[in-house]
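Shown next, in C-alpha cells, is the structure this report addresses.
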Amino acid sequence: TRNRLLATSVCALAAALCAYPFIWMFFNAFKSGYEIYQPLQFYPDSFATESFSVLFSGQLEDGPKLPFSFAGVFMHSILAAGGQALLATLVTAMAGYAFAKLQFPGKGILFLLAILVILIPHQALAIPVFKWVVELGLWGNLWSIVLLGSASGIGVIFFTQMFRRIPHSLIDLARVEGSSELRNFITLLPLLRPALVTYGLIHFILAWQEHLLPLLLLSDEYQTLPLALTKLRDSSYRIPASISMAASTFILVPVVLLFAAFHKQMRTALREFTAH
C-alpha cells in the first residue's frame with residue numbers, strides 16, 4: 001500500500017507538471033494583454049471571449065486584420081494531416097506485410113533503408129526534397145505534403161512487427177486455396193485494427209505539428225496551423241498575445257478528441273508491439 005501510494009503521488013506530480021503549460025495557455029486566452037505578462041497571475045480577472053471571436057472573424061476591433069483565415073488554415077491542416085495519416089497507414093501496412101510474409105531479393109537491404117530513414121533528420125533532406133517536389137510540379141499545394149508523408153520508416157518497422165505475430169499457416173492455407181497476396185493482405189487487416197488506428201493517430205499527430213516541410217513546400221494559399229501560429233507571434237502584425245493563446249488552445253481539440261476516442265486501441269496495439 002505504501003509503494004502504491006508513493007507511485008500514485010509521483011505520477012500525479014508528473015501529470016500536474018505536464019498539464020500546467022496547457023492550463024496556463026488556456027487561461028491566457030481569456031486574459032487581457034496586461035494580465036498575460038503578470039507572472040504571478042494565473043487566473044484572468046474576467047473570462048472574456050473576445051480572443052476567440054476575433055480568431056474566427058479575422059478582424060480586430062479598431063485594429064488590423066489577421067494575416068490568414070483561421071477556419072481555412074484549420075481545414076488545410078486537417079486535410080494535410082488526415083491525408084498523410086491515411087496514405088501512410090496504407091503504404092506502410094502493405095510494406096510491413098511484404099517484409100513479414102514474403103520473400104524477395106534485397107529484402108534485408110530495403111528493411112535496413114527503412115531504418116536509416118528514421119535516423120536521417122528532415123533538415124538534411126530539405127533541399128533535395130524541395131528540388132524533387134518542384135520538378136514534379138507539386139510545389140505549393142497540399143499534395144506535396146501528403147505524398148511525402150506517406151513514406152515512414154517507423155510505420156514499416158511497426159507493421160512488420162505486427163504482421164509477424166500472425167501465424168504463417170493462415171497465409172499458406174490462403175495461398176493453397178488460390179488467394180492472391182493482395183486479397184490475403186486485405187483479409188488480415190481486421191486482425192490489425194488496433195495497430196492501424198494506433199499508427200494512424202500517431203502519424204496524424206506528427207503531421208499536425210510539422211513545420212519544416214509545410215514552410216518549404218506550401219504557398220501562402222495553403223499554409224497550415226504551425227505556420228499561421230508563427231505569424232500570430234510576429235510583432236509586425238501587432239496581434240495580441242491572447243489571440244495566439246486562443247489559437248494554440250483550439251488546435252489541441254482534434255488531437256485530444258482522437259486520443260480520447262482511441263486510447264484503448266492504442267494501449268492494446270502498443271502492448272502487443274512491445275510484447276513481441
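Summed over the range 24-49, residues that are touching a residue at least 12 places away in the same chain (Cβ under 8 Å), open to solvent by 40 Å² or more (accessible area, probe 1.4 Å) and part of a helix (DSSP H, G or I) total 3.
A single member of GLU181, GLU135, GLU177, GLU221 is among the acidic types (Asp, Glu) and surrounded by 15 or more Cβ atoms within 10 Å (Cβ to Cβ), and it is GLU181. Restrict the check to the range 84-94 and report whether at least one residue is in contact with a helix residue (DSSP H, G or I) (Cβ under 6 Å, 6 or more places away or on another chain), β-branched (Val, Ile, Thr) and part of a helix (DSSP H, G or I). Yes, because at least one residue in the range 84-94 is in contact with a helix residue (DSSP H, G or I) (Cβ under 6 Å, 6 or more places away or on another chain), β-branched (Val, Ile, Thr) and part of a helix (DSSP H, G or I). Checked against (1) polar (S, T, N, Q); (2) touching a strand residue (DSSP E or B) at 6+ places or on another chain (Cβ under 8 Å); (3) crowded, with 17+ Cβ neighbours inside 10 Å, THR89 passes all but a single condition, namely (2). Do the conditions hold for VAL129, that is, is it at pLDDT below 90, under 25 Å from LEU213 (Cβ atoms) and open to solvent by less than 70 Å² (accessible area, probe 1.4 Å)? Yes, satisfied.
Do we find that ILE205 is over 13 Å from the mean Cα position of the chain (by Cα) and surrounded by fewer than 18 Cβ atoms within 10 Å (Cβ to Cβ) in this structure? Spelling it out, it is not the case that ILE205 is over 13 Å from the mean Cα position of the chain (by Cα) and surrounded by fewer than 18 Cβ atoms within 10 Å (Cβ to Cβ). Screening PHE74 with (1) under 15 Å from ALA241 (Cα atoms); (2) of a type outside the set (Asp, Glu); (3) touching a residue at least 12 places away in the same chain (Cβ under 8 Å) gives one miss only, at (1). Listed by position, the helices (runs of 4 or more DSSP H) inside the range 117-229 whose residues that are within 30 Å of LEU66 (Cβ to Cβ) number at least 3 are 122-136, 142-149, 193-208, 212-217. Quick check: anything in the range 243-256 of a type in the set (A, V, I, L, M, F, W, C), buried (at least 17 other Cβ atoms within 10 Å of the Cβ) and in contact with a Pro (Cβ under 8 Å, 6 or more places away or on another chain)? No. The C-beta contact set for the range 132-159 (first residue farther than 21 Å from LEU206 by Cβ, second residue open to solvent by 20 Å² or more (accessible area, probe 1.4 Å) and assigned to a helix (DSSP H, G or I), distance under 7 angstrom, 6+ apart or interchain) comprises GLY140/TYR222. Output the number of the condition that GLY72 fails; it satisfies all remaining conditions of (1) part of a helix (DSSP H, G or I); (2) in contact with a Phe, Trp or Tyr (Cβ under 8 Å, 6 or more places away or on another chain). If we test GLY72 against (1) part of a helix (DSSP H, G or I); (2) in contact with a Phe, Trp or Tyr (Cβ under 8 Å, 6 or more places away or on another chain), just (2) comes out false.
The values are calculated or read from the model by the stated rules, or taken from the named source; none is laboratory data. The structure presented is a predicted model; accordingly, all values stated were derived computationally and were not measured. Neighbour counts run over all protein chains shown; Cβ positions are idealised from the backbone, glycine included. Accessible surface is based on the protein model in full, side chains and every heavy atom, while ligands, DNA and RNA are left aside. Shrake-Rupley method; radii C 1.70, N 1.55, O 1.52, S 1.80 Å.
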